[in-house]
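Data block below; observations after.
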Amino acid sequence: MSRLRALLLLVALVLAAALGYLAYLSRPQPRPPLTASGTIEAEEIAVAAELGGRVARLAVEAGQTVKQGQVLFALDDALLQAQHRQAQAALQAAQTRVDLAQAQLRVAEAQYDLARQQAHQAAQEARLQAWFTDPPNAFNLPLWYFTHQEALDAAQAAVERAAQARQEALDNLAHLQNTLIAGDLQAAETRLAQARAEYLAAQAMLDRAEAQRDAALKEQAQQRLDAARNALEAAQADYDRLLTQQQAQDLLEARAQAAVAQENYDAALDRWYALQWGDAAPQVRLAEAQLQQAQAALQQAQAAVEQAQANLNSIEVQLQKTIVRAPADGVVMALNLRVGEVVQPGVPVLTLGQLDRLTITVYIPEDRLGDLQVGQRARLTVDAFPHETFSAVVTRIADRAEYTPRNVQTVEGRKTMVFAVELRIEDPSGRLKPGMPADVSFEQ
């Protein structure tokens, strides 16, 4: 009985041990620490000239530490310097034209003030007339009722209406003069005018001959006068005969209308001119136009100065760009440049590394990507300092995997897929350098 118990106890112990071992094997095993290796890098800045040209001076060499704003190299600026001198001369010339325009403007202002003063003094009598002259019987309003400008506008409107009426009368006369009778009447008028002139000349000759004692001279002068009188009477008779025709009467009436319309237009002009006193005087308007012209000339000269200044500023900006400076503190890591070479705008010729911004890129297998996140800290070691560790922070995890070979579909093949992980290295002492190999251990 005791032997059976001992056997059962032994069996129970074996079963318990087996179950415990199985339980131990089935529980999740802790993942090993995530580590990776890479090479320390510095953030790089590619430096290029904004302008193209020949390198005239090289101020740095490879491996040199530079500060922000320090001169790296300079381009030949001989052409720009010549253009700069031309732009300065153009600016000075433009400023001189402004000074001249300002002086001309002051003269125009003085002439305008003088013209107004003289015009107002000359118009004193015309201004007072409206206060001391009774209005015509046809008007119920006093002469001072309307302002000078209103009277001037009314007179100008009267001139325009008179000009239109004159043109209509002249058009009607021109239409009638195209008729046959108009040509005959014109010829008759011409003969009558010539006959009248010859008669008057003969009469004057006879008066001079009678003052002489020569009878033959008097006789010849009398014969000439008689002939001239006969020619005048004949021309008058021809003219009178034509006047009996209706077309001739219409033509004479049209001429009378044209004459009246012309005189009405001239009278309207006289009235309009008479009202042009004070600020409306021609000399004031001329002085005002000259003043406006001087103001426009000054504005144009000032615009030319602004254009010349802008051109000068543009050249000065280009001159500044012939000197290429360091955009930030760093070390000259690559220098593909020599004095005398021609650089193209925008083509990098120098590389600056920022040692205070060190990074390292490592590659993590896909099955360990879930153990990482941006901002996670890590420890970094390098062979140069075997007993020291440096801190790093995950700043970027690639969105796409990289693997070799491509298009792997097996589980084993997928394990070769890796993701790039970039970390920022914290090295206040500045002992780490680009190119150092380093091992990274991520904190869990």
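Checking residue 213 against (1) in contact with a helix residue (DSSP H, G or I) (Cβ under 8 Å, 6 or more places away or on another chain); (2) in a loop (DSSP other than H, G, I, E, B), which single condition isn't satisfied?
(1)
Of all residues in the stretch 365-387, which are assigned to a strand (DSSP E or B), under 15 Å from residue 444 (Cβ atoms) and more than 57 Å from the chain's Cα centre (by Cα)?
Across the stretch 365-387, the qualifying residues are 378, 379.
Over 28 Å from the mean Cα position of the chain (by Cα), without any contact (Cβ under 8 Å) to a residue 12 or more places away in the chain and within 30 Å of residue 291 (Cβ to Cβ): does that describe residue 99?
no
What is the number of the single condition among (1) modelled with pLDDT under 75; (2) within 30 Å of residue 338 (Cα to Cα); (3) not hydroxyl-bearing (Ser, Thr, Tyr) that residue 138 does not meet?
Unmet for residue 138, out of (1) modelled with pLDDT under 75; (2) within 30 Å of residue 338 (Cα to Cα); (3) not hydroxyl-bearing (Ser, Thr, Tyr): (2).
Criterion first (touching a Gly at 6+ places or on another chain (Cβ under 9 Å), more than 24 Å from residue 345 (Cβ to Cβ) and not aliphatic (A, V, I, L, M)) does residue 41 satisfy it?
yes
Would it be correct to say that residue 186 is in a helix (DSSP H, G or I), of a type in the set (S, T, N, Q) and at pLDDT 80 or above?
Considered against the rule, which asks whether it is in a helix (DSSP H, G or I), of a type in the set (S, T, N, Q) and at pLDDT 80 or above, residue 186 comes out as no.
Quick check: anything in the stretch 193-206 modelled with pLDDT under 80, crowded, with 17+ Cβ neighbours inside 10 Å and in a helix (DSSP H, G or I)?
Taking every residue of the stretch 193-206 in turn, none turns out to be modelled with pLDDT under 80, crowded, with 17+ Cβ neighbours inside 10 Å and in a helix (DSSP H, G or I).
Quick check on residue 351: is it farther than 21 Å from residue 41 by Cβ and touching a residue at least 40 places away in the same chain (Cβ under 8 Å)?
The answer is no for residue 351.
Condition test on residue 328, is it surrounded by fewer than 18 Cβ atoms within 10 Å (Cβ to Cβ) and assigned to a strand (DSSP E or B)?
The answer is no for residue 328.
Which fully enclosed strands (runs of 3 or more DSSP E) of the stretch 9-75 have 2 or more residues being at pLDDT 90 or above and in the same structural domain as residue 383 (by TED's automatic domain parsing)?
Result: 35-48, 53-58.
Give the stretch 400-444 a look and list any residue that's more than 26 Å from residue 379 (Cβ to Cβ) and at pLDDT 85 or above, or say none.
Scanning the stretch 400-444 gives a single hit, 400.
The values are calculated or read from the model by the stated rules, or taken from the named source; none is laboratory data. Computed from a predicted model, the values in this text were never measured in an experiment. Because the Cβ atoms are built from the backbone with ideal geometry, glycine has one as well, and the counts that use them run over all protein chains shown.
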